[in-house]
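The values are calculated or read from the model by the stated rules, or taken from the named source; none is laboratory data. The model shown is predicted, which means the values in this text are computed figures rather than measured ones. FYI the Cβ positions are ideal-geometry reconstructions off the backbone, even for glycines, and counts take in every protein chain you see. Quick note on the areas: whole protein, heavy atoms, side chains included, nothing else; ligands and nucleic acids left out. Shrake-Rupley method; radii C 1.70, N 1.55, O 1.52, S 1.80 Å.
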Amino acid sequence: PTPTPSPSPTPPPNLHQWGALTSFHGLPSDRTNAVAQTEFGVTWFATDGGLARFDGRRTGAVSAEGLPRGRVLALKTDASGGLWIGTENGAALLLNDKFQTIKETAGKVITAIIAPERNLAIIASDSGQIFFCRINYGAQFTRSASERESSSGLTIQVMTTPAQPLQSADKDQPGPLRITSLARIGDKLYAGTQSRGLVLIENG
């Protein structure tokens, strides 16, 4: 009898089927640091050339009042529909099509953002500080250095911890401790660092 031919091997997947999105297609830079998607299918890209937006048809750089300039390093959406943006010059929140600067983070390199619950973002910097940013809608606050209100009644209340920035344990690179990542497990907040391993933060 004639032997049955063995089935042909499955061809390897063609990487080109995934496509590519580069500066040729409208990205401000080919160096992308984070990706996030907000409602209605809008995708946002954190790049070394700034923030970019893809609406399903076009990709373009975003420049707007309230958005810090420079490299965008971190993005995080939250349950309220907001997009938190971390840059090399501070953080901002995009909500209801408006960017709002988190002034307490001005000039800081933002390295990580998590949004563990509705209307709360926790933001880390490479200067040894963590910022707890809570959104309040229409709440009445006594204005202070850590609170501000926009014309829409949106207030972002910011608590910074620790009061004095954490310091590096690397004798070859002294100065503020670079925080690289965050995770909240229960009521405990863990911060990944470059020279002190994991740091546990409780009650500020």
Relative packing of peptides 57-70, 35-48 - highest average C-beta neighbours within 10 Å first: 35-48, 57-70
Leu73 accessible area, assembled protein chains, probe 1.4 Å, Å²: 30
Shape category assigned to region 22-90 from the gyration tensor of Cα positions, a/c cut at 1.5: oblate
Gyration tensor verdict on region 84-134 (Cα atoms; rounded if a/c is under 1.5, prolate if a/b is larger than b/c, oblate otherwise): oblate
Cβ-Cβ FRET estimate between Asp172 and Phe40, R0 fixed at 45 Å, reported to 0.05: 0.40
Global form of region 37-144, assessed from the alpha-carbon gyration tensor, a/c cut-off 1.5: oblate
Mean Cβ count within 10 Å, highest first, over the residues of peptides 185-194, 75-84: 75-84, 185-194
